[in-house]
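Peer 1: Got a structure for you, questions after.
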Amino acid sequence: MTAGTARGFSTSTATVRELAVAGAYEFTPRVHRDERGLFVSPLQEEAFVAAVGRPFTVAQTNHSRSARGVMRGVHFTTTPPGQAKYVHCARGRAMDVVVDIRVGSPTFGAWDTVEMDTESFRAVYLPEGVGHAFLSLEDDTVMSYLVSTPYRADLEQAIDPLDPALGLPWPKDMSFTLSRRDTQAVGLAEARAKGMLPRYEDCPA
């Protein structure tokens, strides 16, 4: 491992950046290109363990395809059990957003963004209890997720991604397409008042 800035470092397989949300990381893997095309491994255990301190356990893989302007999130899973995610863009381009909604977290209310595409193949790790959203910036954008727990509809939660209290930096020059669920989602303050938000102490270290 080679020491980098206070917010990042490199391993032999990837460059790692610590995000503004405690416990969340951006990973930029090495991309191998030649006359045939390219080869890349978006998840590299060496870099992941160096950042997070433990391997990523995969219980399910998810795949979504979105038109330009589709916004998904802010989504999270009731914690416990919670759900950690490892996300990258397999086609197209997306603005990925990580939001700290864990009550009691040292970075509660903070967010960070990562631009994902098929040039850099950046990936994001979101620990349990952290909110996730993304905006598709091109038609046919494909997002690939590795998740640590199986899907359970009764545990899935959402916060309004356009809530002014979150202040997420969505582009001003785009119109957005949201699901009914996301359109009807409550804001951060209401979610907290209703006891929907994860508690930091209930989230794995």
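The values are calculated or read from the model by the stated rules, or taken from the named source; none is laboratory data. Since this is a predicted model, take the numbers as computed values, not measurements. Quick reminder, even Gly has a Cβ in these numbers, built from the backbone with ideal geometry, and neighbours come from all protein chains shown. Areas reflect the complete protein model, heavy atoms only, side chains present, ligands, DNA and RNA absent. Shrake-Rupley method; radii C 1.70, N 1.55, O 1.52, S 1.80 Å.
Peer 1: Restricting to the range 91-135, give me the number of residues that are of a type in the set (Val, Ile, Thr), more than 9 Å from the chain's Cα centre (by Cα) and part of a strand (DSSP E or B).
Peer 2: 1
Peer 1: For the list (1) open to solvent by less than 20 Å² (accessible area, probe 1.4 Å); (2) touching an Asp or Glu at 6+ places or on another chain (Cβ under 9 Å), I need the number of the one condition that Tyr86 fails.
Peer 2: The single condition Tyr86 does not satisfy is (2).
Peer 1: Among the numbered criteria (1) within 30 Å of Asp173 (Cα to Cα); (2) more than 13 Å from the chain's Cα centre (by Cα); (3) in contact (Cβ under 8 Å) with a residue 24 or more places away in the chain; (4) surrounded by 16 or more Cβ atoms within 10 Å (Cβ to Cβ), which one does Arg17 miss?
Peer 2: Arg17 satisfies every listed condition except (3).
Okay, residues lined up against (1) open to solvent by 60 Å² or more (accessible area, probe 1.4 Å); (2) of a type in the set (D, E, K, R):
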{"site": "Arg33", "(1), (2)": "yes, yes"}
{"site": "Ala47", "(1), (2)": "no, no"}
{"site": "Arg54", "(1), (2)": "yes, yes"}
{"site": "Thr57", "(1), (2)": "yes, no"}
{"site": "Gly73", "(1), (2)": "no, no"}
{"site": "Pro81", "(1), (2)": "yes, no"}
{"site": "Met95", "(1), (2)": "no, no"}
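Peer 1: A further question on this structure: Restricting the search to the range 160-189, which residues are outside any helix (DSSP H, G or I), of a type in the set (Asp, Glu) and closer than 27 Å to Ala84 by Cβ?
Peer 2: Asp160, Asp163
Peer 1: Looking only at the range 136-159, how many residues end up being part of a loop (DSSP other than H, G, I, E, B) and open to solvent by 40 Å² or more (accessible area, probe 1.4 Å)?
Peer 2: Qualifying residue count for the region: 6.
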